């Protein structure tokens, strides 16, 4: 048979947790239990330890979203899995070559060819 709760005897729901949270964290669990008894609350040291430890934990989430370079869309990864490493799309032997490749990509191939033709004519004519 289950017990019936009497509103006159039992404190309001959450009153014990609120009381524990109102105590300074520097106060020992034993002292918190003693202080609660003075207020008419029955709590255990285990309850104090449990509540304090759960308040310092980070909230759990099913999956974390990492911004990984894969075409602009973020990738969902499960907890505990290492992050996906973004691989470079091109490999260049020098930083100048890499800068040239980026410039060509920004200009577009047609415009870059026109620029190369102008540069080539300047070298040949000079």
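The values are calculated or read from the model by the stated rules, or taken from the named source; none is laboratory data. Only a predicted model underlies this, so the values are computations on that prediction, with no experimental measurement involved. Here the Cβ is made from the backbone with ideal geometry for all residues, glycine too, and neighbour counts use every protein chain on show.
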Counting only residues in the range 12-31 that are in contact with a helix residue (DSSP H, G or I) (Cβ under 7 Å, 6 or more places away or on another chain) and assigned to a loop (DSSP other than H, G, I, E, B), the one surrounded by the most Cβ atoms within 10 Å (Cβ to Cβ) is identified as 23
Any residue that is modelled with pLDDT of 60 or more, over 19 Å from the mean Cα position of the chain (by Cα) and surrounded by 10 or more Cβ atoms within 10 Å (Cβ to Cβ) - is there at least one of those in the range 52-65?
yes
